[in-house]
Amino acid sequence: MRLNLSSEKAAPAAVSRKPTGAAAPTKPQKVALEGMRWVVENATGTIELPQAELDMKQTVYVYNCKDAVIKIDAKVNAVSIGEKLSVFFT
């Protein structure tokens, strides 16, 4: 078996770049109770789930929230996070 020790290197592949001027359209904010699951999607700012409607048997699903604070003031069964987020419990 022979090794090619020549100093020639292959040309780098062309890099495709996305246009930087146009931002992706934002989806509408969604805060809704679907069955026994609270869905919080595409939220920004402060979202406060109504304490009177929260139940220990319900779950909360958080997805695609940027710069958001979601307040859950009552006990729920579980909190699911759909992507990497910072979490702070008080």
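The values are calculated or read from the model by the stated rules, or taken from the named source; none is laboratory data. Remember, predicted model here, so these are calculated numbers, not experimental data. In this analysis, Cβ positions are derived from the backbone assuming ideal geometry, glycine residues included, and neighbour counts consider all displayed protein chains.
Filtering the stretch 8-42 to residues that are in a loop (DSSP other than H, G, I, E, B) and either at pLDDT 90 or above or β-branched (Val, Ile, Thr) (or both) leaves Val15, Thr20, Thr26, Pro28, Gln29, Gly35, Met36, Asn42. Among the residues of the stretch 52-70, which ones are under 12 Å from Trp38 (Cα atoms) and not aliphatic (A, V, I, L, M)? Matches in the stretch 52-70: Glu53, Asp55, Lys57, Gln58, Thr59, Tyr61, Tyr63. In the set (1) modelled with pLDDT of 95 or more; (2) hydroxyl-bearing (Ser, Thr, Tyr); (3) surrounded by fewer than 10 Cβ atoms within 10 Å (Cβ to Cβ), the condition left unmet by Thr59 is number (3). Within the stretch 65-80, residues that are more than 20 Å from Gly45 (Cα to Cα) and surrounded by 15 or more Cβ atoms within 10 Å (Cβ to Cβ) reach partners that are at pLDDT 90 or above and not aromatic (Phe, Trp, Tyr) with beta carbons closer than 7 Å, at six or more positions or on different chains, in the pairs Val76/Leu54; Val76/Met56; Val76/Gln58; Val76/Thr59; Val76/Val60. Only residues that are in a strand (DSSP E or B) and more than 15 Å from the chain's Cα centre (by Cα) were counted in the stretch 48-70, giving 2.
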